[in-house]
1. Is it the case that residue 129 is in a helix (DSSP H, G or I) and open to solvent by 60 Å² or more (accessible area, probe 1.4 Å)?
2. Of the conditions (1) open to solvent by 20 Å² or more (accessible area, probe 1.4 Å); (2) under 20 Å from residue 60 (Cβ atoms); (3) not charged (D, E, K, R), residue 118 fails just one. Which one is it?
3. For the range 1-51, which residues satisfy the criterion of being hydroxyl-bearing (Ser, Thr, Tyr) and either open to solvent by 60 Å² or more (accessible area, probe 1.4 Å) or within 27 Å of residue 93 (Cα to Cα) (or both)?
4. Within the range 151-170, track down each residue that is open to solvent by 60 Å² or more (accessible area, probe 1.4 Å) and either assigned to a strand (DSSP E or B) or out of contact with any Phe, Trp or Tyr (no Cβ under 9 Å at 6 or more places or on another chain) (or both).
5. Output the number of residues of the range 171-190 satisfying the condition of being among the aliphatic types (A, V, I, L, M) and without any contact (Cβ under 8 Å) to a residue 24 or more places away in the chain.
6. Quick check: anything in the range 25-46 more than 20 Å from residue 161 (Cβ to Cβ), touching a strand residue (DSSP E or B) at 6+ places or on another chain (Cβ under 9 Å) and among the hydrophobic types (A, V, I, L, M, F, W, C)?
7. Do we have any residue at all in the range 24-35 that's in contact (Cβ under 8 Å) with a residue 40 or more places away in the chain, on the phi > 0 side of the Ramachandran plot and touching a helix residue (DSSP H, G or I) at 6+ places or on another chain (Cβ under 8 Å)?
8. Test residue 78 against the stated conditions and say whether it is at pLDDT 95 or above, among the acidic types (Asp, Glu) and surrounded by fewer than 18 Cβ atoms within 10 Å (Cβ to Cβ).
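The values are calculated or read from the model by the stated rules, or taken from the named source; none is laboratory data. Keep in mind that what you see is a predicted model, and the values were worked out from it rather than measured. Backbone-built Cβ (ideal geometry, glycine too); neighbour counts: all protein chains shown. All accessible areas refer to the heavy atoms of the entire protein, side chains included, with ligands and DNA or RNA removed. Shrake-Rupley method; radii C 1.70, N 1.55, O 1.52, S 1.80 Å.
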Amino acid sequence: LWSIFRGWIVEYAPYNSLILNGDLIDGTDARGGGTEQITTDRLKQCEIASEIIQGIECNDIHIVAGTPYHVGSSEDFERVIAGNVGAKFHDRGFFRVNGVEINCKHYISGSALPHTRLTPLAREILQNRQWFLEGTEPLANVIVRSHVHHYEQIDHDGCLGFITPGLQSLGSKYGARICSGVIHFGFLIL
């Protein structure tokens, strides 16, 4: 998987902006006992993540907060990574790139049923429209969510919505023992 990832990074370079949508480290893996990790030391994981990000060679880097289970319940280890790579840290990201408004947040609810996997994404688009009418969010042209380890795409109400695939091994204990749906590997290039 590392070879595939590095190959894609090189193939699609250069990058104008890099938006990392949460869970940049795995954390202590309290539920799995850390048996599949190189290290459970979160600071060492931050060093590894920082080295990978610096290898992508992009000057405009944004990190959106992930889930507390992975990145810290009482800390934000992704802030450490942001400091290491000169990135801006966001709880939730609103980015305007070439006139396109992009709305990023890590978390999205999931569905075990393949035919309802787009429902949470359509709901996020609708929620954005309501927040926009309240005057608290920009009207998004693109919404990006992550968290659920499968890729989805929808075009609804003038907005493209994406759930990003994960960069986790397809044969992990979690994937093999917990997930019943298809797991996708990769990242988005917009």
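1. Details: in a helix (DSSP H, G or I): yes; open to solvent by 60 Å² or more (accessible area, probe 1.4 Å): no.
Criteria not met by residue 129.
2. So the condition that residue 118 fails would be (2).
3. Looking only at the range 1-51, we keep the residues that are hydroxyl-bearing (Ser, Thr, Tyr), and these are 3, 12, 15, 17, 28, 35, 39-40, 50.
Across the range 1-51, the qualifying residues are 3, 12, 15, 17, 28, 35, 40, 50.
4. Answer for the range 151-170, where residues must be open to solvent by 60 Å² or more (accessible area, probe 1.4 Å) and either assigned to a strand (DSSP E or B) or out of contact with any Phe, Trp or Tyr (no Cβ under 9 Å at 6 or more places or on another chain) (or both): 153, 155, 156, 157, 158, 160.
5. Taking the range 171-190 and keeping what is among the aliphatic types (A, V, I, L, M), we get 176, 178, 182-183, 188-190.
Restricting the remaining residues to those that are without any contact (Cβ under 8 Å) to a residue 24 or more places away in the chain gives 176, 178.
So the answer is 2.
6. First, the residues of the range 25-46 that are more than 20 Å from residue 161 (Cβ to Cβ): 25-46.
In the following step, the residues that additionally are touching a strand residue (DSSP E or B) at 6+ places or on another chain (Cβ under 9 Å) were identified as none.
There is no residue in the range 25-46 that is more than 20 Å from residue 161 (Cβ to Cβ), touching a strand residue (DSSP E or B) at 6+ places or on another chain (Cβ under 9 Å) and among the hydrophobic types (A, V, I, L, M, F, W, C).
7. Within the range 24-35, one or more residues are in contact (Cβ under 8 Å) with a residue 40 or more places away in the chain, on the phi > 0 side of the Ramachandran plot and touching a helix residue (DSSP H, G or I) at 6+ places or on another chain (Cβ under 8 Å).
8. Values: at pLDDT 95 or above: yes; among the acidic types (Asp, Glu): yes; surrounded by fewer than 18 Cβ atoms within 10 Å (Cβ to Cβ): no.
Considered against the rule, which asks whether it is at pLDDT 95 or above, among the acidic types (Asp, Glu) and surrounded by fewer than 18 Cβ atoms within 10 Å (Cβ to Cβ), residue 78 comes out as no.
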